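The values are calculated or read from the model by the stated rules, or taken from the named source; none is laboratory data. In this text the structure is predicted, and so the values were computed from the model without any measurement. In this analysis, Cβ positions are derived from the backbone assuming ideal geometry, glycine residues included, and neighbour counts consider all displayed protein chains. The area values use the complete protein model at the heavy-atom level, side chains included, leaving out ligands, DNA and RNA. Shrake-Rupley method; radii C 1.70, N 1.55, O 1.52, S 1.80 Å.
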Amino acid sequence: MSFTLLIVQTLNGLQFGVLLFLIAAGLTLVFGVMDFINLAHGVQYMLGAYLAVMFYALTGNFLIALIAALAAALLLGLLLEFTVFRHLYDRDHLEQVIATFGIILFLNQGVKVVWGAAPLSLPIPDMFSGTIVLSPGILYPVWRLMIIGSGLAVALLLYLLVSRTRVGMLVRAGATHARIVSALGVDIRRLFMIVFGFGTMLAAFAGVMIAPILSVEPGMGDSVLILAFVVIVIGGIGSMRGAFIAALLIGLVDTLGRSFAIDILRLVMPPSPARTVGPAIASMLIYVLMALVLYFRPAGLFPAKGR
Amino acid sequence: MAEPVPNPVLRIENLRKNFGGLVVTDGVSLDIKAGELHAVIGPNGAGKTTLINQISGTLEPSAGAIYLNGEDITALPPNKRAELGLARSFQITSVLPRFSALENVALAVQARSGSSYQFIGRADRESALNDAAMEALTEVSLDARADVLAAHLSHGEKRALELAIALAMQPKLLLLDEPMAGTGPEESERLIVVLQKLKGRFAMMLVEHDMNAVFALADRISVLTYGRILASGPPAQVRADPAVMTAYLGEELE
Amino acid sequence: MSLSVTALPRARNYEALPIAIFLVLALAPLAASFGAETYLLGLFTRVMIYGIAALALDFICGYGGLVSFGHAAFVGIGAYTAGIFSAHGITDMAITLPVALIVSALFAWLTGTVCLRTKSVYFIMITLAFGQMIYFVAGSLSPYGGDDGMTLKLRSTLFGFPVLQNDRALYYAVLAFLLVSYLLLRAIVSSRFGRVFRGARDNPTRMATIGYDVFRYQRVAYVIAGCLGGLAGFLLANATEFVSPSFMSWQRSGELIIMVLFGGIGTLHGAIVGAAAFLLLEDMLGGITENWKLIFGPMLVLIVLFARGGLLGLAQSVWERLRRG
Amino acid sequence: MNKLLSSVAAIALIGAAGAAQAQEKLKIGVVTTLSGPAAVLGQQLRNGLQLAIKDNGGKLGGREVELFVQDDELKPDVAVSKAKALIDRDKVDFVVGPIFSNILVAIMKPVTESGAFLISPNAGTSNFAGKDCNPNFFVTSYQNDQNHEVMGKYAQDAGLKKVFIMAPNYPAGKDSLAGFKRFYKGEVADEVYVPLGQLDYSAELSKIAASGSDAVFVFLPGGMGVNFVKQFRQAGLADKVKFLSAFTVDESTLPAQKEAALGFFGGANWAPDLNNAQNKKFVAAYEAEYNGAIPATYAFQAYDAGLLIDGALKATGGKTDNKDALRAALAKAPFTSLRGAFKFNTNHYPIQDFYQVKVVQVGDKFATSIDKKVFSDYADPHVKDCAMK
């Protein structure tokens, strides 16, 4: 458990956290402003990755693939919003869950029919494909640093958008007092579309950025979706700041837990049971964290007021 | 301020509530005698509902104490206060929409008669519960609408239903949070008659904007502004109080 | 978020439908004996077992407004109790079933104490959290097969007699458990307790000011639902002669919610219809094409968009339209 | 979609051949994983068996074949239900499958107790090789530990000093590392179990880098392997640390791993370039039939399962009603395996050669290639616990 290893793992946790934030940001916006539970949000992440693979195969240029994938994901997202989601906004949460779960089943299978069941991959753009030396013998992939950097940049951009622009003001107001916002004569439907489209793009962006690291396969959004929900619930629904802090917290706890749980358990038990129990405990950590947070703060770390 | 009353049903001592920097209840002290109807009036935002919420226990005060029949209830949850004889109506109608009017009231009766941890036997066929509930509905002239779902009642009927629920609890103190709000003149008139009939049976605290109702019903009036009690006393005295005149009542009474 | 108040008084088919459902279930083995008996019996046994779990979920969800996203955890606990006992050679259900129920109840009591402090979506997520925890615990039980699960050597016995060994006997035992669960929940729903529990969904603040400690009532209901989930798991282990952590994955919890909504939430018998519809569709569509989810997914969307109140609601509105001509 | 079409085509073909002969069709059930990320393995299994039937003119053992394919969804209880459907509704004589050990454990009882034969073209757990061996159960693949043992033997023979080993935290994962350590006697830098389905290996990669190992040995099937291989390469470890594996780099994952896996090693009982005429024909036919995809071991073992059924039925004259005769015929393994020498041990698990294979580029595709034979006529050690003689 050397110090360099701790630093590397912290970076890894940060990278994972930033990725979660990109997904959770859209989720918490849509949930907070529209009171809409969109389970299909994870599918948007998957679509982003698949579209990037497709456009990369067509153009051979990562940047073009990224932009095209974002545009296509936005179009698909808006298409879904138009055909299905907008009819669900005034339904209760349970119905939203079921309908969007149906969308997940459909799109997971659809992706398999279109692109096949085999995992696909997207290469890292050449200029970012190397590693940098953190300390002698310890390398760190540049692309992971890129993910951290771009994620933090998006977080900053979101902060400025939400705190400095009119749409951002409406979004903040909408997260706490949706009825008042609609009473102000704001075209709530248009606001919803903007928010939804934006959330979709963020998820797709996360999918594109992670595609060079993870395999692109049907169902890749499912586990991420659950984690994103954990993030927004810990952070407090509708709170961008909460989502950011909770995402980093989950990323760090999960990564550090996985790498050090066994070592810590070895201090108190023999290595063999530690190896068996360790991974189970490591997998459980984030859920334990969520249960603890909700026990002491039943509406998350940064509860939106008036909710 | 008014003299301390011996053995009041409700005594509030120096109650204080702040949300962050905003002080909503600012050192309120108040007594309600047995059988008395005590009205609390004041402009919007004076902290009247906040006060009621603290008394009924849905909101925790920042400082001060609340006594019901001499017992300190400041830290008790709402259901315990209800068991001790505290009933309330809500400013925004608060009934059980999926239950019939009769069942709404029967639930209140049930809370006071025997255990509710009975898992078999149809509750809606227990005549003891239904009879008592019907009695309360009759008192508020809602007996004809007993089988209608609460969600389908008119606004005035829902306000009456709230009153019936409170009655069925056989309270020692009833908190009424703007019972006339949103009702038409005719329905208000009817509610005033009902309340007049009930007066004296138990202590009541009435928060109300409708000054006709307040002056027709109240034994004493306290005026609340910015979370403080500005004046307190019999209606005639409050009406004559120059501070009240300028601060609040003046314009409205003229 | 409007309240579906209108869905309440449907007294007429309230009685006819459950009777029809149980009649069909009671007679199904006769029909099955004309072909593919073990398979059909097995399939319907599974339907009824998931029916019990879905019933329990409908009870807390449809009547109490407590949407649990971790209900499969109880199914898993029941199944693992049966499995672990069986691994140690104890199969008598006079011992194992009560233990399964008690363990489920304890888990429900403990987690309910934490979960019920939260509301709405937070409740959904915290129940998920506990479901995931117990899922990972089961996966780490390496003496009992770990992630692979394990085969039960024997089905449960009663006082030494192998009463469930025969598929048909198992079928009718499960049917009996389903009937008892259904009748029990129906009784509870309309009892004093059930009325308080239902009231707590409509307006918890009002219930508190009338004098009810809402939390305690909800926790008791949660324990009841947990016990029935455990019962379903116990039976599932016997029916498949196998236990596995996958019984309690979050996907399974999600499927239980779908079953409840599919049939028609807040009706109890709707949960049984939903379980049947879900499992039979899965089986049939799976037989038509391996891409059956391409059909099933949109079906869920359509049900939500156009058939409020699930299949029962749909059937009812079609029936009423026909009657009016 | 093309798969659906091809299965329709296969059925049509069977139908055309069927007109000539009125003998009752041979019913074979398939239990395989066709949904979720692991579907790619399940499809290989199904494709391999279908190809074997097609290459035999739609017949096995002289009888037309009717194939019933069931998706187990990787859920054990669903698998049990579908297996019962095959036995009971469809009256199959053989069940071929599954991919995963946990599904095998679940369906063993319902299938074999009914008298049908279960032929596993992949999963081969140690309990069914040993104390729980079953007369109606045959394995055309291997005992699960063996590919790991190949790598352990290789690491030992190559004189590797320090190896970092890793597998998912489930029974097959534990068997895997135990198998490796059975032959590798050098220092184990660390033994790591990750949760099944883990996608990001950043934590483990840092540990590998910090451990100063000569080599890693991993067992990370499916998508796990795709991710690990890519991240291993990205972390810059590929040039410093030798990559040994089982079920981690094969033709089902290489289309996604591509260059990232070049030069990586695996242990296997077969590779597409195994040099015999029958195998070459099979690989070419598979590529032609399934959109140019190179078959992986799952496909070849399923193809062999088809050949096994064919050979045994020829020996019984196409009859399946005498189970004992059929069992005896199956046990003789009366067919020429694509891997060459093949026979069943008394526990009905194969005795066969094992190889170290290496990832190479073939045109614009990637495949494993035989590098070195590690074991000859190798049998699993669990057979001593099996009561069958």
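Which residue out of B:213, B:218 is among the small types (Gly, Ala, Ser), at negative phi and modelled with pLDDT of 90 or more?
B:218
Take residue D:358 and tell me if it is over 18 Å from the mean Cα position of the chain (by Cα) and either at pLDDT below 95 or open to solvent by 70 Å² or more (accessible area, probe 1.4 Å) (or both).
The answer is no for residue D:358.
Here's the yes/no breakdown for (1) within 12 Å of chain C (Cβ to nearest Cβ); (2) of a type in the set (A, V, I, L, M); (3) crowded, with 20+ Cβ neighbours inside 10 Å:
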{"residue": "B:101", "(1), (2), (3)": "no, yes, yes"}
{"residue": "B:106", "(1), (2), (3)": "yes, yes, yes"}
{"residue": "B:121", "(1), (2), (3)": "yes, no, no"}
{"residue": "B:155", "(1), (2), (3)": "no, no, no"}
{"residue": "B:175", "(1), (2), (3)": "yes, yes, yes"}
{"residue": "B:208", "(1), (2), (3)": "no, no, yes"}
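Scanning the stretch B:47-98 for residues that are within 18 Å of residue B:111 (Cβ to Cβ), among the aliphatic types (A, V, I, L, M) and in contact (Cβ under 8 Å) with a residue 40 or more places away in the chain turns up B:68, B:82, B:84, B:86, B:87, B:95, B:96. Within the stretch B:82-93, being within 8 Å of another protein chain (Cβ to nearest Cβ) and not in a strand (DSSP E or B) holds for B:82, B:83, B:90. For the stretch A:271-303, taking the residues that are touching a residue at least 60 places away in the same chain (Cβ under 8 Å) and facing chain C (nearest Cβ under 8 Å), the one that is most open to solvent (accessible area, probe 1.4 Å) is identified as A:299. Number of residues in the stretch A:114-145 that are within 25 Å of the chain's Cα centre (by Cα) and assigned to a helix (DSSP H, G or I) equals 7. In the stretch D:132-237, counting only strands (runs of 3 or more DSSP E) that sit wholly within it, the ones holding 3 or more residues that are under 22 Å from the mean Cα position of the chain (by Cα) span D:137-139, D:162-168. Considering the stretch C:203-252, the residues that are within 13 Å of chain B (Cβ to nearest Cβ), not charged (D, E, K, R) and not in a helix (DSSP H, G or I) include one that is surrounded by the most Cβ atoms within 10 Å (Cβ to Cβ), namely C:212.
Residue count for the stretch B:56-81, restricted to those that are within 12 Å of chain C (Cβ to nearest Cβ) and either farther than 12 Å from residue B:173 by Cβ or charged (D, E, K, R) (or both): 9.
Out of C:168, C:195, C:155, one residue alone is at negative phi, of a type outside the set (Asp, Glu) and within 12 Å of chain B (Cβ to nearest Cβ). It is C:195. The set of residues in the stretch B:31-43 being under 13 Å from residue B:227 (Cβ atoms) and open to solvent by 20 Å² or more (accessible area, probe 1.4 Å) consists of B:43 alone.
For residue D:275, are the conditions met, namely being open to solvent by 10 Å² or more (accessible area, probe 1.4 Å) and among the polar types (S, T, N, Q)? So residue D:275 passes the test. Being outside any strand (DSSP E or B), in contact with an Asp or Glu (Cβ under 8 Å, 6 or more places away or on another chain), open to solvent by 10 Å² or more (accessible area, probe 1.4 Å) and over 21 Å from residue D:346 (Cβ atoms) is a description that does not apply to residue D:91. Residue C:174 fulfils the conditions (1) surrounded by fewer than 18 Cβ atoms within 10 Å (Cβ to Cβ); (2) of a type in the set (A, V, I, L, M, F, W, C); (3) away from chain B (no Cβ under 14 Å); (4) assigned to a helix (DSSP H, G or I) except for a single criterion, (1).
Conditions (1) open to solvent by less than 30 Å² (accessible area, probe 1.4 Å); (2) out of contact with any His (no Cβ under 7 Å at 6 or more places or on another chain); (3) basic (Lys, Arg), marked per residue:
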residue	(1), (2), (3)
A:22	yes, yes, no
A:25	yes, yes, no
A:58	no, yes, no
A:69	yes, yes, no
A:86	no, yes, yes
A:91	yes, yes, yes
A:102	yes, yes, no
A:117	yes, yes, no
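Among residues that are more than 23 Å from residue D:269 (Cα to Cα) and open to solvent by less than 10 Å² (accessible area, probe 1.4 Å), residue D:155 is not included.
In the stretch B:52-65, which residues are open to solvent by less than 40 Å² (accessible area, probe 1.4 Å), of a type outside the set (Gly, Ala, Ser) and within 15 Å of residue B:87 (Cβ to Cβ)? Hits for the stretch B:52-65 are B:52, B:53, B:55. Of the numbered criteria (1) open to solvent by less than 20 Å² (accessible area, probe 1.4 Å); (2) in the same structural domain as residue D:96 (by TED's automatic domain parsing); (3) touching a helix residue (DSSP H, G or I) at 6+ places or on another chain (Cβ under 6 Å); (4) not aromatic (Phe, Trp, Tyr), the one residue D:316 fails is (1). Of all positions in the stretch D:96-103, at least one carries a residue that is at pLDDT 90 or above and either under 24 Å from residue D:316 (Cβ atoms) or open to solvent by 20 Å² or more (accessible area, probe 1.4 Å) (or both).
Among residues of the stretch A:143-171 that are within 14 Å of chain D (Cβ to nearest Cβ), those with a Cβ under 6 angstrom from a residue that is part of a helix (DSSP H, G or I) and open to solvent by 40 Å² or more (accessible area, probe 1.4 Å), sequence gap 6+ or separate chain, pair up as A:143/A:128; A:146/A:128; A:148/A:14. Of the residues making up the stretch B:221-241, those that are open to solvent by 40 Å² or more (accessible area, probe 1.4 Å) and modelled with pLDDT under 90 number 8.
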